[in-house]
1. Compare the peptides 509-516, 21-28 by average per-residue count of other Cβ atoms within 10 angstrom and give them in order, highest first.
2. Would you mind putting 190-202, 311-323, 479-491, 36-48 in packing order, based on average other-beta-carbon counts within 10 Å, highest first?
3. I need the shape label for the chain. Rule: rounded when a/c is under 1.5, else prolate if a/b > b/c, else oblate, with a, b, c from the alpha carbon gyration tensor.
4. Kindly provide the pair-distance distribution of the stretch 17-162 built from C-alpha pairs, with 10 Å bins from 0 and whole-percent values in order of increasing distance.
5. Semi-axes of the stretch 163-271's equivalent ellipsoid from the Cα gyration tensor, sqrt of 5 times each eigenvalue, largest first, rounded to whole Å?
6. Nearest 10 degrees is fine. How inclined is helix 394-418 to the longest principal axis of the chain, computing both from alpha carbons?
7. Hey, rough spin-label estimate for VAL212 and ASN468, points 7 angstrom out along Cα→Cβ, what's it come to in nanometres?
8. So the label point goes 7 Å from the Cα of THR101 along Cα→C-beta, right? Which residues of the stretch 155-170 then have their backbone N under 14 Å from it?
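FYI, it's all coordinate maths here, none of it is from the lab. Because the structure is a prediction, the values reported are computed rather than measured. No Cβ is skipped: glycine too gets one built from the backbone with ideal geometry, and neighbour counts run over all protein chains shown.
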Amino acid sequence: MPGLFTFFQAPLGARLLPRLFFSLVLLLGLLLHRDYGLSWDEPIDHLNGLVNAKYIARLFFPQLARQEATYDEIPDFENFSEHDHGVLFALPVAVLGRIFTHGNTREFYFLQHLLNYLTCTLGMWALYRIGLIRFKDWRWALLGSLLLLLSPRFFAESFYNSKDLIFMAFFTVAIYTLLRLLENPTISRALVHGLATAAAIDVRIMGLMVVVFTLGMLGLAAFARPISQKGRLAQVGGAYLLAASLFTVLGWPYLWANPWGNLVMAFQTMSHFRWEGPVLYWGQLMMSTELPWHYAPVWIFITTPLAYTMAFLGAVVALITGFSLRRLLTCPHYRYDVLFLGWAVGPIVAVVGLHSVLYDGWRHLYFLYPALLLLAVQGVRAGLAAVEQQRGWRPLAVVVASLGVAEMALTLTRMVQDHPFQNVYFSCLPGPVAEKLFDRDYWALSNRQGVEWLLAHDPSPRITLETNSANPIGFIYLILPRAESSRLSLGGASSRYFLTNYREYSQPYPAIVGREVYTIRASGAKILSIFQRY
């Protein structure tokens, strides 16, 4: 043990272990990216990328664009309902898919899953760099990244959630460039931070929060500096705003025709999103437009490992009880913690204040999660500092730390056992309880495994299948091998099989539906069933 402890203290450990960690993270992506199914957002995101690619090609290379074989199949930009969504990720992925997969949709989505994961890994690396700036210790910084890796829902969704997880990654990168700017406020760093801010906005309009955070932090920094340096900070702020504005417009084709007007329209759409449908919450079906204010906090609590939540709450208590205006103005690290608190809580306040539509858990707020983890790490550090001052607390601290490590080990075990359905993880609810109270596989990821099982176990040349009404099974052809997909026929009540992912339905199906021949469970919760009709 002394040798291991010395290694963790040595410069060699500081260089080697983070590199080994991120090498392992990358290796996991390479090994696992073909295991996940097709979420029902991915086809529309891909189409959005293609629509924007067609729009750009029409503007700059009209004759060449019309030579594309699929030109007439792709909707025009002006008539596409999703054209106001950011495409900073979807657009280049669509282009890369056209180059490398040549119309093979199965291979395209596997490529997208890999690119999705690599982008999320970039966000994890940015989280590590933020930790280095805040904690000045690579071990605490790496703990934050480890907590993110051992967050089951985020791990699974990093492969296929091309909206929320990609936005979280770019938002985290933008916060990292903000901290670099605050450490050394130069024009060059302001330009880089403007680019990172624009990247976040061009994925999702909520990236505008980075602008608010940046101006607020620069304002607080100005109070702590002499008058001779305030003008310099103003120049840096101006350069940042200019860069963020220009890069935002450049990276979002929707803004090209009317930058300010379309930006306002996109913000209004985000504030009151146009989706209205039933959501299972505490065992009741509620409309997405009528969910209570506590919907997001409850989902955060039940899907985040308890140790992370408790450490985060401890940090929040320490921040609030230790608050002073003088400390805020003079202590950069304390300002960083306040920034993290605003990052973690601000989006929830904004959603509640704007009465924004939420559904499918708290995925629209995933981008606050890195801040929760940073404060959780700070909560652990604060707890250790308190134990050093009150040595009588050591036995209790050992028990609490042991419970935290045990939960991390249990979380890892559950991630391995539930693979590739970590997206149905509940931290504190047994599976049979969770399946009665909350939505489960709302992404419909399990459809792929269910249909593949059916194709493997029924040799019939034609297999007829019906699904529950809230299950977008029609997309399944895009990720099946072409030879196998030709055997599958999606039909109605006369179909031989019935498949359900239990969306909008929390009760067991009656025997009249048929004989249950296949079931998928994750952590004890039933997430898919196939019934063979009599």
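1. Ranking, from highest mean packing down: 21-28, 509-516.
2. 190-202, 36-48, 311-323, 479-491
3. Oblate, since a/c reaches 1.5 and b/c is not below a/b.
4. Spelled out bin by bin, the stretch 17-162 gives 11, 34, 27, 18, 8, 1 percent.
5. Each semi-axis is the square root of five times an eigenvalue, giving 26, 14, 12 Å.
6. Result, in degrees: 30.
7. Result for the modelled spin labels: 3.6 nm.
8. Only 159-162 pass the distance filter.
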